[in-house]
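The values are calculated or read from the model by the stated rules, or taken from the named source; none is laboratory data. It should be emphasised that the depicted structure is a prediction, and the values quoted were computed from it without experimental measurement. Every residue, glycine among them, receives a Cβ derived from its backbone with ideal geometry; neighbour counts consider all protein chains shown. Each accessible area value is taken on the protein alone, full model and side chains, heavy atoms only, with ligands, DNA and RNA left out. Shrake-Rupley method; radii C 1.70, N 1.55, O 1.52, S 1.80 Å.
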Amino acid sequence: MEYFEPIEKPLVLLGCAYLSWKIIRHIWGVLKTFEKEPVTVLVTGAAGQIGYALVPMIARGAMLGDDQPVIIHMLDVNSESLNAVKMELIDSAFPLLRGVVATTDVSEACQGVSIAIMAGGIPRREGMERKDVMSKNVSIYKSQASALQQHAAPDCKVLVVANPANTNALILREFAPAISEKNITCLTRLDHNRALAQISEKLDIHVSEVKNVIIWGNHSSTQYPDASHATAKTDRGEKRVTELFADDNNKWLQSEFIAMVQQRGAEIIKARKQSSALSAASAVCDHIRDWVLGTPKGTWVSMGVYSDGSYGIPPGLMYSFPVTCKNGEWSIVEGLKIDGFSREKMDASARELIEEKVLANSCL
């Protein structure tokens, strides 16, 4: 036993030091949580599919981090379902959740919000004309834009999710001129994530090993999932994705890959008889988290933002570009080479957005 005594004492001291460090780190994490002021987040359509999947993610810290307390404001026309969602949030006892407001009143819902997730809207149903859908959404977003302008925090960040997302965001901007155009965006991160997933599945690597795909344009079947600038980590190091598909002259990337991403939403509807909710909610969290906390160095993501004319896209459209985020601000990635194939796809989606803009204006 005497032989082991000189070893035992340092090991015990080392163990005590490690446990002390763990305890201090835990206490520091708790203190940091209480130091931060809660962020008020609005979710419209909160009793709907996406809203129901989204609010627990926000309350758990998936959107703003596991040290950021939140207050969630929920808006929906269905008061009974909305109150049920509120009860479930309370029953979940989320440590970061500091308060829940459930209301059918848009002004109350927008009061003091710093982040607004606009998931409520009228989807196009069988037998409905595009103009009918647009007219109903113009009415909804006109009302909500006015409420945000009057009652939200001055630097409120807005993410439009409900389709047609790009044009709904444009309508919102029209009726909330006091909100900076840099603070109104629409969701194309779901398409971006789908593109990453399809490439990783095809290459049989983890999705985290693929980065820098781009979704150009509209969140519709004209969107252009572009892998020409994407990279993937392989056993031979980081490679351009186009290089990894060179054996078939990138035919898969320019045909099946694009169609799979464009039609993934329809495929899910066909399979579950309802639209994407879980993946859409996760993409919302990704979008806001990167916007607020920043994108990793060397990585860009796709966001629907107000066009400034970059890449020849007409100014004044809400168009999906590759962006990086830092200090709560997004910036379009500049200087990427655009070949003839990409140019044609990008312009086609821009034309569709121009048509939607004209249609929306006719409904005002």
Restricting attention to the stretch 46-71, and to residues there that are outside any loop (DSSP other than H, G, I, E, B) and open to solvent by 10 Å² or more (accessible area, probe 1.4 Å), which single residue is nearest to Leu82 (Cα to Cα)? Tyr52
Scan the stretch 104-123 and tell me whether some residue there is open to solvent by less than 70 Å² (accessible area, probe 1.4 Å), under 19 Å from the mean Cα position of the chain (by Cα) and of a type in the set (Ser, Thr, Tyr). yes
Complete set of residues in the stretch 156-192 that are of a type in the set (Val, Ile, Thr) and either open to solvent by 30 Å² or more (accessible area, probe 1.4 Å) or farther than 12 Å from Ile117 by Cα (or both): Thr167, Ile171, Ile179, Thr188
Mind checking whether some residue in the stretch 78-91 is assigned to a loop (DSSP other than H, G, I, E, B), touching a helix residue (DSSP H, G or I) at 6+ places or on another chain (Cβ under 6 Å) and open to solvent by 20 Å² or more (accessible area, probe 1.4 Å)? no
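Quick grid of which residues meet (1) farther than 23 Å from Ala62 by Cβ; (2) modelled with pLDDT of 95 or more; (3) among the aromatic types (Phe, Trp, Tyr); (4) in contact with an Asp or Glu (Cβ under 9 Å, 6 or more places away or on another chain):
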{"position": "Leu278", "(1), (2), (3), (4)": "no, yes, no, no"}
{"position": "Ser282", "(1), (2), (3), (4)": "no, yes, no, no"}
{"position": "Asp286", "(1), (2), (3), (4)": "no, yes, no, no"}
{"position": "Pro296", "(1), (2), (3), (4)": "no, yes, no, yes"}
{"position": "Gly304", "(1), (2), (3), (4)": "no, yes, no, no"}
{"position": "Pro314", "(1), (2), (3), (4)": "yes, yes, no, no"}
{"position": "Ser320", "(1), (2), (3), (4)": "no, yes, no, yes"}
{"position": "Trp330", "(1), (2), (3), (4)": "no, yes, yes, yes"}
{"position": "Gly335", "(1), (2), (3), (4)": "yes, yes, no, no"}
Just one of Glu238, Glu201 is in a strand (DSSP E or B) and surrounded by fewer than 22 Cβ atoms within 10 Å (Cβ to Cβ); which is it? Glu238
Of the conditions (1) at pLDDT below 95; (2) closer than 13 Å to His192 by Cα, Gln274 satisfies every one except a single condition; which number is it? (2)
Can you confirm whether Thr167 is under 21 Å from Asn218 (Cβ atoms), modelled with pLDDT of 95 or more, among the polar types (S, T, N, Q) and within 20 Å of the chain's Cα centre (by Cα)? no
Scan the stretch 259-297 for residues that are β-branched (Val, Ile, Thr), touching a residue at least 40 places away in the same chain (Cβ under 8 Å) and either open to solvent by 80 Å² or more (accessible area, probe 1.4 Å) or over 16 Å from Leu159 (Cβ atoms) (or both) and jot them down. Val261
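Among the candidates Lys182, Lys157, Lys131, Lys233, single out the residue that is of a type in the set (D, E, K, R), in contact (Cβ under 8 Å) with a residue 60 or more places away in the chain and within 27 Å of Ser342 (Cβ to Cβ).
Numbers: Lys157 fails: within 27 Å of Ser342 (Cβ to Cβ); Lys131 fails: within 27 Å of Ser342 (Cβ to Cβ); Lys233 fails: in contact (Cβ under 8 Å) with a residue 60 or more places away in the chain.
Among Lys182, Lys157, Lys131, Lys233, only Lys182 is of a type in the set (D, E, K, R), in contact (Cβ under 8 Å) with a residue 60 or more places away in the chain and within 27 Å of Ser342 (Cβ to Cβ).
Look at the stretch 135-150 and say how many of its residues are open to solvent by 10 Å² or more (accessible area, probe 1.4 Å) and in contact with a strand residue (DSSP E or B) (Cβ under 8 Å, 6 or more places away or on another chain).
Residues that pass the stated criteria total 1.
Residue by residue, here is whether (1) farther than 16 Å from Leu190 by Cα; (2) surrounded by fewer than 18 Cβ atoms within 10 Å (Cβ to Cβ) holds:
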{"residue": "Trp300", "(1), (2)": "no, no"}
{"residue": "Val305", "(1), (2)": "no, no"}
{"residue": "Pro315", "(1), (2)": "yes, yes"}
{"residue": "Met318", "(1), (2)": "yes, no"}
{"residue": "Phe321", "(1), (2)": "no, no"}
{"residue": "Gly340", "(1), (2)": "yes, yes"}
{"residue": "Ala348", "(1), (2)": "yes, yes"}
{"residue": "Leu353", "(1), (2)": "yes, no"}
Considering the stretch 232-270 alone, what residues qualify as being within 26 Å of Val160 (Cβ to Cβ) and out of contact with any helix residue (DSSP H, G or I) (no Cβ under 7 Å at 6 or more places or on another chain)? Ile258, Ala259, Gln262, Gln263, Gly265, Ala266, Glu267, Ile268, Ile269, Lys270
Pick out the one residue from Ala195, Ala153 that is at pLDDT 95 or above, part of a helix (DSSP H, G or I) and open to solvent by less than 60 Å² (accessible area, probe 1.4 Å). Ala195
If we keep only residues of the stretch 204-216 that are in contact with a helix residue (DSSP H, G or I) (Cβ under 7 Å, 6 or more places away or on another chain) and either within 24 Å of Asn327 (Cβ to Cβ) or assigned to a helix (DSSP H, G or I) (or both), then the residue least open to solvent (accessible area, probe 1.4 Å) is Ile215
